[in-house]
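Below is one structure, written out as structure tokens, with a few remarks after it.
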Amino acid sequence: MNKEIRIGNHVISEQSPTFVIAEMSANHLMDFDRAVEIIRAAKEAGADAIKVQTYLPDTITLDCDDPCFQITQGTIWDGTTLHKLYQTAYTPWEWQPKLQKIAEDMGLVFFSSPFDLTAIDFLEEMDVPVYKVASFEINDIPFIRKIAKTGKPIIMATGVAYEEDIELALQTCREEGNENVILLKCTSAYPAPYEASNLRTIPDMKVKYDCITGLSDHTMGVAVASGAVALGAKVVEKHLTLRRADGGADAAFSMEPEEFKEMVDQIRIIEKALGEVTYELTPKQVKSREHSRSLFVAKDMKAGEVFTPENLRSVRPACGLHTKYYEEILGKKITQDAKLGTPMRWDLVE
């Protein structure tokens, strides 16, 4: 897979800043103006992109009350059917070109997770610059093949994927000549418990699948996303709402704008702190090294006196001989009078 992928004006690579995505999902609460507010909040919080979801209840599932279609997996949505949930959560398609223009005018990348073949056609008409494949769609091979054929970058979540699902999805992309795939570690629990995050998978996934990796995060707070960046995540996605108290299908595990901004700020700090592999000292560290340790005369001494642990010591600062000569000097005589605090030098040793 390619190690440098362009999305809009952003280049994602090992050397690039983390690409931070605000996921709107159902947090618009079927209110267009609120959707615009979320986009504005994403921009102000420092996001690089805003993502929506493109489906209709009838394109993502069937209007059926049979047991198969009941939500009973211990989620926050238990007690309803898939179709009823998606009726409250989908983003009206007629909004999406308008939201795209608003977001792009603000300098944000606007893109979506499609959930069926017609949604891909719709998003192609909008000419979105990248596609997101949700982890629940990673085993829909005709769907992935159609996205791969667009030639556009693909961000793929792996939350409910077995290893063979990931391998088959990547193989499908390669068959269509699309090597611009980014894999996201994802824990498909809402909210996700910290202990299920298994962030160490991110660097392993990078090696195993030879691709850029990131995190789709459903935990509460900023810690997990920040930790993922420290482990090499180059893409971070988090749900964003205006206020969790406003409710909605995804509100319980979404960030509020102040929290999202804190996360972005922490990510940017971590990026600075990661720096590069180096054992060189900065000029400031070289200067500070003057307060490191070295050998000093620790008592007033007369010429001919023998150096002992009492009158020869390793102390700060670093003006005297290196401490590695301590044992070599012990037992020898001093060549001249010296006061306490005299830095050791070889002409003082007989």
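Which cross-chain or sequence-distant (5 or more) residues have an amide H under 5 Å from the amide H of Thr342, H modelled 1.01 Å from N in plane?
Val297
Mind giving me the nanometre distance, one decimal, between the label points for Asn9 and Leu274, set 7 Å out from Cα along Cα→Cβ?
Between Asn9 and Leu274, the simple spin-label model gives 2.2 nm.
Of Leu295, Ala251, Ile329, which is farthest on the positive side of the dipole of the range 233-350, counting Cα position, with +1 on Lys and Arg Cβ, -1 on Asp and Glu Cβ, and the Cα centre as origin?
So the residue we want is Ile329.
If you place +1 on the Cβ of every Lys and Arg and -1 on the Cβ of every Asp and Glu, how big does the dipole about the Cα centre of the chain come out, in debye to the nearest 20?
2140
Give the lysines whose C-alpha is closer than 19 Å to that of Lys302, dropping any in the same chain fewer than 8 places away, or say none.
By straight Cα distance, Lys302 reaches Lys332, Lys333, Lys339.
Would you grab the residues whose amide H sits under 5 Å from the one on Thr335? Only those 5+ places off in sequence or on another chain, please, with H modelled 1.01 Å from N.
Sorted by chain and number, the residues that satisfy this are Gly304, Val349, Glu350.
Tell me the label-point distance for the pair Gln336, Lys284, using the 7 Å Cα-to-Cβ offset, in nm and rounded to one decimal.
4.0
Cut-off 10 angstrom, C-alpha nodes, Gaussian network model of the chain. Which of Tyr190, Tyr325, Tyr55 fluctuates the most?
Tyr325
May I ask you to order 287-297, 311-321 by the average number of other C-beta atoms within 10 Å around their residues, highest value first?
Ranking the peptides 287-297, 311-321 by packing returns 311-321, 287-297.
Which of His239, His322, His83 moves the most in a Gaussian network model of the chain with Cα springs under 10 Å?
Maximum fluctuation in the GNM of the chain, among the listed residues, is at His322.
Counting Lys and Arg as +1 and Asp and Glu as -1, what is the net charge of the other residues whose Cβ lies under 13 Å from the Cβ of Cys211?
Charge balance in the 13 Å sphere: 0.
Would you mind telling me the antiparallel percentage of the DSSP bridges in the chain, rounded to 5? Kindly include the intermediate steps, with their values, before the conclusion.
Values: 12 of 43 bridges.
If I count the DSSP bridges inside the chain, around 30 percent turn out antiparallel.
Mind ranking 274-284, 246-256 by how tightly packed they are, going by the mean number of other C-beta atoms within 10 angstrom, highest first?
Ranked from most to least packed, the peptides come out as 246-256, 274-284.
Long-range amide H contacts for Arg313: which residues qualify at under 5 Å (H placed 1.01 Å from N, peptide plane, sequence gap of 5 or more or a different chain)?
Phe296, Ala298
Helix by helix, which DSSP H runs in the chain go 30 Å or more along their axis at the Cα atoms and have an average Kyte-Doolittle hydropathy of 1.6 or more?
Correct list, ordered by number: empty.
Just how large is the dipole of the range 94-201 about the Cα centre, in debye to the nearest 20, putting +1 at every Lys and Arg Cβ and -1 at every Asp and Glu Cβ?
260
Find the relative contact order for the range 262-350 and round it to a whole percent, using C-alpha pairs within less than 8 Å whose residues are 6+ positions apart.
30 percent.
Pick out which of Pro142, Pro153, Pro129 has the largest mean-square fluctuation in a Gaussian network model of the chain, springs linking Cα atoms closer than 10 Å.
The residue with the greatest mean-square fluctuation here is Pro142.
Quick one: what are the phi-derived ³J(HN,Hα) couplings along the range 238-245, Karplus 6.51/-1.76/1.60 with θ = phi - 60°, whole Hz, x for glycine and proline?
Result, rounded to whole Hz: 9, 6, 10, 10, 7, 8, 4, 5.
Of Gln70, Pro17, Met30, which is farthest on the positive side of the dipole of the range 1-82, counting Cα position, with +1 on Lys and Arg Cβ, -1 on Asp and Glu Cβ, and the Cα centre as origin?
Pro17
Report the local net charge at Ser288: Lys and Arg +1, Asp and Glu -1, summed over other residues whose C-beta lies under 15 Å from its C-beta.
Net charge around Ser288: +3.
Which value in nm describes the separation of the simple spin-label points at His322 and Val36, placed 7 Å from the Cα toward the beta carbon?
7.0
Out of all DSSP beta bridges in the range 1-124, what portion is antiparallel? Express it as a percent rounded to 5. Walk me through the intermediate numbers first.
Values: 4 of 13 bridges.
Here the antiparallel bridges make up roughly 30 percent for the range 1-124.
If Lys and Arg each add +1 and Asp and Glu each add -1, what is the summed charge of the other residues whose beta carbon sits under 10 Å from the beta carbon of Val306? Mind dumping the intermediate values first?
Details: positive: Lys332, Lys333; negative: Glu305, Glu350.
Summing Lys/Arg as +1 and Asp/Glu as -1 gives 0.
Give me the percent of DSSP beta bridges within the range 196-350 that run antiparallel, rounded to the nearest 5.
On the way: 8 of 12 bridges.
So the antiparallel bridges amount to about 65 percent of the total.
Which whole-Hz ³J(HN,Hα) couplings does the range 344-350 yield from phi under the Karplus relation 6.51 cos²θ - 1.76 cosθ + 1.60, θ = phi - 60°, glycine and proline marked x?
My calculation for the range 344-350 gives 5, 9, 5, 6, 8, 9, 5 Hz in order.
Nothing charged except the Cβ atoms of Lys and Arg (+1) and of Asp and Glu (-1): what's the magnitude of the dipole of the range 1-131 about its Cα centre? Round to the nearest 20 debye.
Its charge dipole is roughly 400 debye.
Provide the per-residue ³J(HN,Hα) series for the range 280-297, in order, calculated from phi with Karplus coefficients 6.51, -1.76, 1.60 and θ = phi - 60°, each as a whole number of Hz, with x at glycine and proline positions.
Running phi through 6.51 cos²θ - 1.76 cosθ + 1.60 with θ = phi - 60° gives 7, 9, 6, x, 5, 5, 4, 5, 5, 4, 4, 9, 6, 9, 6, 8, 9, 5 Hz.
All of the numbers you see were taken from the coordinates with simple rules; none came from a lab. Treat the numbers as computed from the prediction; the structure is a model and nothing was measured. Methodologically, a virtual Cβ is constructed for each residue, glycine included, from the backbone with ideal geometry; neighbour enumeration extends over all protein chains shown.
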